[in-house]
There are 2 protein chains.
Amino acid sequence: MDDFELGPMVKDHRKKAGLTQLELANLAGVGKTTVFDIEKNKETVRWNNLLSVLRVLNIKVEFKSPLTK
Amino acid sequence: MDDFELGPMVKDHRKKAGLTQLELANLAGVGKTTVFDIEKNKETVRWNNLLSVLRVLNIKVEFKSPLTK
DNA sequence: ACTTTTTTACTGTTATAGCGGTAAAATGAA
DNA sequence: TTCATTTTACCGCTATAACAGTAAAAAAGT
């Protein structure tokens, strides 16, 4: 388990939003390469760029830990 | 709302784990500057480095959207 | 009080993410 | 099939994140 992959999720959401990689990139204010990399699960992307893309797609990020719960 | 800040959460978890920034950095395999930046909410850090730090602290990341739920 | 530890905040250097451009491969539509 | 669109995968260039030092400021102990 826990082989969750963010890339495919981003791709799926983008598709359902009817956006191309380039359109998403422009909306998020990042380069097309960054969107491509994110969908390819390249984790060396910058956190702020990833956040920008997720924001456009209405994907929220939550952090959880035993202490938080 | 939604002014959630990851930095303080990381710092809190690190403290409760009894780690210094340097120790956490070494455990996560990143430089001390990166840990410092994360705790300062600097979002230009790389996603993989952030993940490494969160992994050490047992902080899980979840992505949610109306489509996912 | 003093001392030690940790954090903050700089540095200069190096590695690489990000960028737009390009072009080939893949996908999809007519 | 053909044609248009999109995605993938390169390229070279530039900007900057990451790094190890260093040192001063802050915090924690004694």
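What follows is calculated from the coordinates using simple rules that are stated; it is not laboratory data. Predicted, not measured: the structure shown is a model, and the values here were computed from it. Cβ: placed from backbone, ideal geometry, glycine included. Neighbour counts: every protein chain shown.
Structure notes:
- Of the residues making up region A:16-42, not one is in contact with a Gly (Cβ under 7 Å, 6 or more places away or on another chain), of a type in the set (Val, Ile, Thr) and over 14 Å from A:Leu54 (Cβ atoms).
- Residue identified as crowded, with 17+ Cβ neighbours inside 10 Å and not in a helix (DSSP H, G or I) among A:Leu19, A:Leu54: A:Leu19
- Within region B:55-63, none of the residues are among the aromatic types (Phe, Trp, Tyr) and within 12 Å of DNA strand C (Cβ to nearest atom).
- Residues in region A:22-35 that are within 11 Å of DNA strand C (Cβ to nearest atom) and either surrounded by fewer than 17 Cβ atoms within 10 Å (Cβ to Cβ) or among the hydroxyl-bearing types (Ser, Thr, Tyr) (or both): A:Leu22, A:Asn26, A:Gly29, A:Gly31, A:Lys32, A:Thr33, A:Thr34.
- Breaking point among (1) over 18 Å from B:Leu51 (Cα atoms); (2) more than 8 Å from DNA strand D (Cβ to nearest atom); (3) assigned to a loop (DSSP other than H, G, I, E, B), for A:Asp12: (3)
- Given (1) over 25 Å from B:His13 (Cβ atoms); (2) outside any loop (DSSP other than H, G, I, E, B); (3) within 11 Å of DNA strand D (Cβ to nearest atom), index of the condition A:Asn48 fails: (1)
- Single residue of region B:36-51 satisfying the filter (at the interface with chain A (Cβ under 7 Å from one of its Cβ atoms) and touching a Leu at 6+ places or on another chain (Cβ under 9 Å)) that is surrounded by the fewest Cβ atoms within 10 Å (Cβ to Cβ): B:Glu43
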